[in-house]
Amino acid sequence: MSEIIEIVGRSFLALAKWIIIYGFIEFFVHGCGYLTLKVFSFGKYPASRQHNKNVCIGTGLIVLVAAIATISFFNAQ
C-alpha cells in the first residue's frame with residue numbers, strides 16, 4: 001500500500017514541478033522577451049501572424065540574465 005502512495009505522490013510532484021517550470025518559462029520568460037522585442041523594434045517585431053516562440057524565450061532569458069547580472073554588480077558595491 002505504501003508503494004502505491006509513493007508512486008502517486010511522486011507522480012503528483014513531478015506534474016506540479018512540470019507545471020511550475022512550464023508556467024515560468026511560458027508566461028514570465030516569454031512575456032519578458034516579447035515585451036523587450038516589441039519595445040526595441042518599436043512594435044514591429046514580432047508580428048501577430050508570426051509564430052516565433054523560441055526567439056521570444058531566448059530574448060527573455062538574455063534580458064533576465066542581464067538584469068540579474070546588473071543587480072548583482074551594483075549590489076556588490
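Taking F27 as the residue in question, decide whether it is at pLDDT 90 or above, part of a helix (DSSP H, G or I) and of a type in the set (F, W, Y). Step through it out loud before you land on a result.
Values: at pLDDT 90 or above: no; part of a helix (DSSP H, G or I): yes; of a type in the set (F, W, Y): yes.
Here the answer is no, as F27 does not meet what is asked.
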Review point. Can you find even one residue in the range 44-57 that is in a loop (DSSP other than H, G, I, E, B), of a type in the set (F, W, Y) and either more than 27 Å from A67 (Cα to Cα) or in contact with a helix residue (DSSP H, G or I) (Cβ under 6 Å, 6 or more places away or on another chain) (or both)?
Key: yes
Exercise for review: Restricting attention to the range 52-70, report how many residues are closer than 18 Å to Y22 by Cβ and of a type outside the set (A, V, I, L, M, F, W, C).
Suggested key: 4
Exercise for review: Filter the range 1-39 for residues that are over 22 Å from Q50 (Cα atoms) and loosely packed, with under 10 Cβ neighbours inside 10 Å and give the result.
Suggested key: M1, S2, E3, I4, I5
Revision key, fill the gap. Scanning the range 40-77 residue by residue, the ones that are at pLDDT below 85 and surrounded by 15 or more Cβ atoms within 10 Å (Cβ to Cβ) total 2
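The values are calculated or read from the model by the stated rules, or taken from the named source; none is laboratory data. Being a predicted model, the structure only gives us computed values, none of them experimental. In this analysis, Cβ positions are derived from the backbone assuming ideal geometry, glycine residues included, and neighbour counts consider all displayed protein chains.
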